[in-house]
Amino acid sequence: MGLYGDAWLREARTRVASDPQNKSFTPTEFDDLADAVEKAIMAALIESHGSLPAKHNHKKLVSICQSTGVWDVLPPALQSLVQEVEAYRLESELGQLAAQDSNKPEVLKRYFSVARRLIDYMEYHVIGNDSVLRRLKVA
C-alpha cells in the first residue's frame with residue numbers, strides 16, 4: 001500500500017468501526033456509512049493519481065466510479081452499496097428521507113458489514129494490485 005491512500009482508508013475504517021447501536025435508523029449512522037464508502041473510493045483514486053482532480057470532487061459516487069474505472073473492478077454487491085449510498089445522499093439533500101427498509105436494524109448492520117468489505121476490497125484488490133491501480137483513469 002502506498003502512502004497517499006492510507007489516511008483515507010484509516011478514516012473510512014473509523015467511520016464504520018462499530019455496528020450501529022440503535023434499534024432503528026439514524027441519519028448520523030448512515031452519514032458515517034456514506035462517508036466511509038466515499039473515503040474508500042477516494043483513497044484508491046488518490047493512490048492512483050497522487051491527488052484528487054477537481055472534476056472528481058463531488059458526491060456523485062457512481063459517476064466517479066464509472067468515469068475512473070473503479071466501477072468495472074467492483075463486484076455487484078459493492079456496486080449496489082455505492083448506488084444505495086448515493087441515493088441516500090440525494091434523498092437527504094432534498095429532505096425527502098422517508099421511513100423505508102433501511103430503518104430496520106438488520107439492514108443497517110448489513111450495510112455496515114458490506115461497507116467494511118468495500119474498504120478491504122479497495123485496499124487489497126484495487127490499491128494493493130498494481131495492474132488494477134494502473135487501469136484507473138483519474139486525470
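The values are calculated or read from the model by the stated rules, or taken from the named source; none is laboratory data. This one's a predicted model, so the numbers in the text were calculated from it and none came from an experiment. Using ideal geometry, Cβ is built from the backbone for each residue, glycine included, and neighbour counts are taken over all protein chains shown.
Suppose we keep only residues that are within 15 Å of the chain's Cα centre (by Cα) and part of a loop (DSSP other than H, G, I, E, B) within the stretch 50-101. Which one would you say is modelled with the lowest pLDDT? Going through the qualifying residues, I end up with Asn57.
Cβ separations smaller than 6 Å between residues 6+ apart or across chains give the following pairs from the stretch 64-78 residues that are closer than 10 Å to Lys137 by Cα and touching a residue at least 40 places away in the same chain (Cβ under 8 Å) to residues that are part of a loop (DSSP other than H, G, I, E, B) and of a type in the set (Val, Ile, Thr): Thr68/Val138.
Please work out if Ala115 is at pLDDT below 80 and either part of a loop (DSSP other than H, G, I, E, B) or crowded, with 20+ Cβ neighbours inside 10 Å (or both). Criteria not met by Ala115.
Are any of the residues in the stretch 22-37 within 16 Å of Glu123 (Cβ to Cβ), surrounded by 21 or more Cβ atoms within 10 Å (Cβ to Cβ) and at pLDDT 75 or above? Within the stretch 22-37 (the criterion being within 16 Å of Glu123 (Cβ to Cβ), surrounded by 21 or more Cβ atoms within 10 Å (Cβ to Cβ) and at pLDDT 75 or above), the answer is yes, since at least one residue qualifies.
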